[in-house]
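Remarks on the structure that follows.
The numbers here are math on the coordinates, done by the rules we state, and not lab data. Quick caveat, the model's predicted, so the values are computed rather than measured. So basically every Cβ, Gly included, is an ideal-geometry build from the backbone, and we count neighbours across all protein chains shown.
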Amino acid sequence: MQHALSDNATRQRLLAATAEVLGRNGTAKLSLSDVAAQAGVSRPTLYRYFADKRELLDAFVVWERQHYERAIATATVDLPAPERLDAALRVIVEYQLSYPGLRMVDVEPDQVIRRMARVLPMMRERLQRLCTGQDAELRAATAVRVAISQYIVRSDDSPDFLAQLRHAARARPQADNPSDLADS
């Protein structure tokens, strides 16, 4: 059992390292040596988990989606329904401000734009489940477009990102957490 936990931890470290390396170099210049070094493991160790670059990238896409989904689920799990949307919006802001793989837009914009076509519907559907009211679909779609716009073109209004998402989705700040990420 301990060996399985260690294997999973190493795999997770390799996938997190992949995000860092992709953020710096993009997929075209992704080096397995760089990923191994970033994760603090040898190349042979990396090859025990991933046979080649394609297998690593395929696993990374799944890991990245699960990472995002887990963050949303964790943030919303014990909240009353009216507070879940705001919690999810906060996760989006935190994710964009801290996730190293998001810098890939600066390195390989064409690759990122192609991925957005697949990611956009997933994000919209996830937020739509948290929206209430007749226009839930429209509110979720608008919030996702604000998030995607912020991701692709960082601007001088980044401190207002959470407020913009809340406005688009018509979400109110959580009552027990009045401080905003936008104000920090």
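Per-structure values
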quantity: Pairwise label distance in nanometres, His167 with Leu79, each label 7 Å out on the Cα-Cβ vector; calculated: 2.0 nm
quantity: Relative contact order for the chain, counting Cα pairs under 8 Å that sit 6 or more residues apart, in percent; calculated: 21 percent
quantity: GNM top mover of Ala141, Ala88, Ala117 - the chain, alpha-carbon springs below 10 Å; calculated: Ala117
quantity: Angle between the chain longest axis and helix 136-152 axis [Cα atoms, degrees, rounded to 10]; calculated: 50 degrees
quantity: Mean residue ellipticity (222 nm) of the chain, computed from DSSP H runs ≥ 4 via -39,500 (n - 2.57), nearest 500; calculated: -23000 deg cm²/dmol
quantity: Shape category assigned to the range 1-61 from the gyration tensor of Cα positions, a/c cut at 1.5; calculated: prolate
quantity: Length released on extending from Arg129 to Glu55, taking residue separation times 0.36 nm less the Cα-Cα span; calculated: 23.5 nm
quantity: Full-stretch length increase - Arg145, Ser6 - with 0.36 nm per residue and alpha-carbon distance subtracted; calculated: 46.1 nm
quantity: On Cα atoms only, tilt of 2-25 relative to the major axis of the chain in degrees; calculated: 70 degrees
quantity: Fluctuation leader among Val105, Val62, Val35 - the chain, Gaussian network, Cα springs under 10 angstrom; calculated: Val62
quantity: Mean separation of Cα contacts under 8 Å, 6 or more apart, over the residue count of the range 8-112: relative contact order %; calculated: 36 percent
quantity: Projected area, mean over directions - the range 78-184, Cα convex hull, nm²; calculated: 6.9 nm²
quantity: For semi-axes √(5λ) of the Cα gyration tensor in Å, calculated from these coordinates, the label among (i) 25, 21, 14; (ii) 32, 19, 15; (iii) 40, 20, 17; calculated: (ii)
quantity: Segment Thr45-Met116, length gained on full extension (0.36 nm per residue, minus Cα span); calculated: 22.4 nm
quantity: Helix axis angle, 109-128 relative to the chain longest principal axis, alpha carbon, degrees; calculated: 50 degrees
